[in-house]
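The values are calculated or read from the model by the stated rules, or taken from the named source; none is laboratory data. All figures in this text were calculated on a predicted structure; none of them were measured in a lab. Note that each Cβ is placed from the backbone with ideal geometry, even for glycine, and that neighbours are counted across all protein chains shown.
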Amino acid sequence: MAPRAFISGCAGTSLSSEEVRFFDNAQPWGFILFKRNCESPEQIVRLTETLRSSVGRHAPILIDQEGGRVQRLAAPHWPVYPAARVFGDIFAYDPEKGRRAAFLGAQLMASDLLTVGIDVDCVPCLDVPIEGAHDVIGRRAYALDPDVVADLGRSAAEGLMAGGVLPVMKHIPGHGRAGVDSHLALPVVDTDAETLQRIDFAPFKALAHLPMAMTAHVVYQALDADRPATLSPTIIRDVIRQTIGFDGCLITDDLSMKALSGTVAEKAMAALAAGADLALHCNGDLDEMRELADVAPELAGLSLDRCNRALTFRRAAAAIDIAGARAEFAALIG
């Protein structure tokens, strides 16, 4: 059986027998972990092994490990990493040091992840915030300049891949202008298309070669006044695929966020029909996961090709002196 067109969360630090049976039958393409799933290194190793065993293959396992306030693997078992803006602050006075810090931080993070069986990180955040926007992005963004965002995002993506972990750029085509938190409500942006293309889309266009991207639950009135990007055939086809030029694996942002209305099944069907390759569901609610699995098709055609192509970007982690790299990183960000 081919994998199905969705990525699933799970409820806790281990799988219940009911979850194991569900994943065996439903065959999600991959999984995503959150802080509720992460207790200790030994426990995560057991969980990632069980998740892959439940589907009978080396399924991708994702996490949001950005640093700053978005860090699922946290102290005391893992190092604390800075928010992306720290690299932008360094870049402002020494671009080469900024790039090196972003690369090295991502490579060290990849080492942390790969050690416990996680091989995809939802980084880099390529959103370009504006003054007055909600701080849901805030210091998660590398800078306020789209060229700097692209530059440091590239360094971070390369650092992850050097560490054996695949990057996912987000939130395409840009979440930086959102006036509300899309976890709680639907942002509506009324900026003109030319400005969006010049600023918001620019970092994504510069990194359109990356293997995966995550959509924004944001309405752009100049592009599609009726539907957020995640559910908009117009934005996915005309903006993400054509203007930005991204032809990789397109994942929705979490369908259990409150920005989107309707049932999980309705949201998933709309996103996949709009052109997303994979529907992402994160909250671990088994009833909702069943609802999603009922409507998620087996991967086929272009979506299957894109998902398979994304996995070809996997490579063995480069040899690294972890202690030396951590010392260098501490000096760079100090």
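Taken together, Ala178, Ala193 contain a single residue that is surrounded by 20 or more Cβ atoms within 10 Å (Cβ to Cβ) and out of contact with any Phe, Trp or Tyr (no Cβ under 7 Å at 6 or more places or on another chain), which is Ala178.
Name the residue, out of Arg315, Arg290, that is over 16 Å from Asp254 (Cβ atoms), modelled with pLDDT under 95 and out of contact with any strand residue (DSSP E or B) (no Cβ under 8 Å at 6 or more places or on another chain). Of the residues listed, the single one that is over 16 Å from Asp254 (Cβ atoms), modelled with pLDDT under 95 and out of contact with any strand residue (DSSP E or B) (no Cβ under 8 Å at 6 or more places or on another chain) is Arg315. If the requirement is being of a type outside the set (A, V, I, L, M, F, W, C) and either assigned to a strand (DSSP E or B) or more than 27 Å from Leu250 (Cα to Cα) (or both), which of these qualifies: Gly98, Gly88? That would be Gly98, the only listed residue that is of a type outside the set (A, V, I, L, M, F, W, C) and either assigned to a strand (DSSP E or B) or more than 27 Å from Leu250 (Cα to Cα) (or both). Can you pull out every residue in the range 208-234 that is of a type in the set (Ser, Thr, Tyr) and in contact with a Ser or Thr (Cβ under 6 Å, 6 or more places away or on another chain)? Residues satisfying the conditions are Thr215, Thr230. Note on the range 287-303: residues that are within 14 Å of Thr263 (Cα to Cα) and either free of Cβ contacts under 8 Å to residues at least 40 places away in the same chain or aliphatic (A, V, I, L, M) (or both) total 9. Quick check on Arg290: is it among the basic types (Lys, Arg), at negative phi and more than 19 Å from the chain's Cα centre (by Cα)? Taking the combined requirement at face value, the residue satisfies it. Inside the range 84-124, residues that are charged (D, E, K, R) and free of Cβ contacts under 8 Å to residues at least 40 places away in the same chain make up a count of 3. Within the range 40-87, the set of residues being within 30 Å of Leu332 (Cβ to Cβ), over 15 Å from the mean Cα position of the chain (by Cα) and small (Gly, Ala, Ser) comprises Ser40, Gly68, Ala74, Ala75, Ala83. Listed by first and then second residue, the pairs with beta-carbon distance under 9 Å, at least 6 apart or on different chains, first residue in the range 181-209 and small (Gly, Ala, Ser), second assigned to a helix (DSSP H, G or I) and surrounded by fewer than 19 Cβ atoms within 10 Å (Cβ to Cβ), are Ala202/Asp147; Ala206/Asp147. All of (1) at pLDDT 95 or above; (2) surrounded by 15 or more Cβ atoms within 10 Å (Cβ to Cβ); (3) of a type in the set (A, V, I, L, M) hold for Ala300 with one exception: (2). Cβ-Cβ contacts under 7 Å between residues 6 or more apart (or on different chains), taken from a first residue in the range 43-60 that is exposed (fewer than 15 other Cβ atoms within 10 Å of the Cβ) to a second residue that is assigned to a helix (DSSP H, G or I), are listed as His58/Arg52. Taking the condition of being surrounded by fewer than 20 Cβ atoms within 10 Å (Cβ to Cβ), acidic (Asp, Glu) and farther than 18 Å from Ala325 by Cβ, how many residues in the range 91-124 meet it? Going through the range 91-124 one residue at a time, the tally reaches 1. In summary, helices (runs of 4 or more DSSP H) completely within the range 234-334 and bearing 1 or more residues that are out of contact with any Lys or Arg (no Cβ under 8 Å at 6 or more places or on another chain) and closer than 21 Å to Val219 by Cα occur at 264-274. If the condition is being of a type in the set (Gly, Ala, Ser), in contact with a Gly (Cβ under 7 Å, 6 or more places away or on another chain) and crowded, with 24+ Cβ neighbours inside 10 Å, then the range 130-158 contributes only Ala141. Taken as a whole, the condition of being under 23 Å from Ile322 (Cβ atoms), buried (at least 24 other Cβ atoms within 10 Å of the Cβ), of a type in the set (D, E, K, R) and in contact (Cβ under 8 Å) with a residue 12 or more places away in the chain does not apply to Asp127. Checking each residue in the range 13-39 for being part of a helix (DSSP H, G or I) and more than 21 Å from the chain's Cα centre (by Cα) picks out Ser17, Glu18, Glu19, Val20, Arg21, Phe22, Phe23, Asp24, Asn25, Ala26.
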